[in-house]
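To start, the structure under review is shown below, and the notes come after it.
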Amino acid sequence: GYEDVWPELISLAEPLGKSVIFTGEIYEPFDIIAGFDIATCVSNHEGIPNSLIEPMALGKPVVSTNVGQVSELVEDEVSGLLIPSNDLDALVKALFRLIEQPELGRRLGEAGRRKVETQFNIEKQALKYADLYHYILGNPPGCSNGLPATLSLKLRRKSYPGVVYRMTARPDGL
């Protein structure tokens with residue numbers, strides 16, 4: 001977790017003064033993301049990160065390292081820009097490219113928004129969870145043996161079209 005590196009990060013950012021703000025975890029990030037020009041995810045290990053899904057859902061262009069399952073979400077030059085991990089030069093070039101070519105950023109942002117809306121929306125994710133539960137329980141998808149026909153999901157965020165919500169769904173509907 002970030003707790004291990006928190007003191008080091010604060011120390012590294014100290015010379016930058018008030019231009020760096022450590023917010024901690026934010027449960028309602030969309031109002032902040034709406035102010036982004038570009039979103040980045042430059043980690044060495046990722047699944048399909050919400051740090052990309054959320055800005056893409058709002059039509060923001062993204063730059064990410066091509067690690068883990070990121071390429072399932074971000075198609076290079078189509079719905080965002082992918083760079084190798086640990087390549088600062090590639091990151092800088094990608095960011096400057098989006099700054100210098102705002103139309104490219106708009107095109108990538110719009111394609112990213114469409115991708116999230118069509119492939120990573122709450123309804124599709126719920127159906128994937130239902131299929132997973134059916135598989136685990138040995139029931140074919142669409143069969144309600146032992147499972148409710150629909151999953152009851154508790155959503156704890158504002159409603160933004162196309163956004164994947166963090167969710168917990170259990171076979172008993174709780």
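The values are calculated or read from the model by the stated rules, or taken from the named source; none is laboratory data. The structure displayed is predicted, hence computed values, not measured ones. Neighbour counts run over all protein chains shown; Cβ positions are idealised from the backbone, glycine included. All accessible areas refer to the heavy atoms of the entire protein, side chains included, with ligands and DNA or RNA removed. Shrake-Rupley method; radii C 1.70, N 1.55, O 1.52, S 1.80 Å.
Points worth noting:
- Residues (polar (S, T, N, Q) and assigned to a loop (DSSP other than H, G, I, E, B)) located in segment 45-71: 66, 69
- Restricted to segment 1-40, and to residues there that are modelled with pLDDT under 85 and within 15 Å of the chain's Cα centre (by Cα), the residue that is most open to solvent (accessible area, probe 1.4 Å) is 27.
- All positions within segment 64-82 that are in contact (Cβ under 8 Å) with a residue 24 or more places away in the chain and either in contact with a His (Cβ under 9 Å, 6 or more places away or on another chain) or of a type in the set (A, V, I, L, M) (or both): 67, 70, 73, 74, 78, 81
- Residue within segment 139-156 that is among the small types (Gly, Ala, Ser) and at pLDDT 95 or above present: no
- Candidate set from segment 115-131 (those that are charged (D, E, K, R) and in contact (Cβ under 8 Å) with a residue 24 or more places away in the chain); member that is surrounded by the fewest Cβ atoms within 10 Å (Cβ to Cβ): 117
- Check on residue 108, out of contact with any Cys (no Cβ under 8 Å at 6 or more places or on another chain), within 17 Å of residue 55 (Cα to Cα) and not in a helix (DSSP H, G or I): no
- Looking only at segment 61-87, residues that are in contact with a Cys (Cβ under 8 Å, 6 or more places away or on another chain) and of a type in the set (S, T, N, Q) come to 2 in all.
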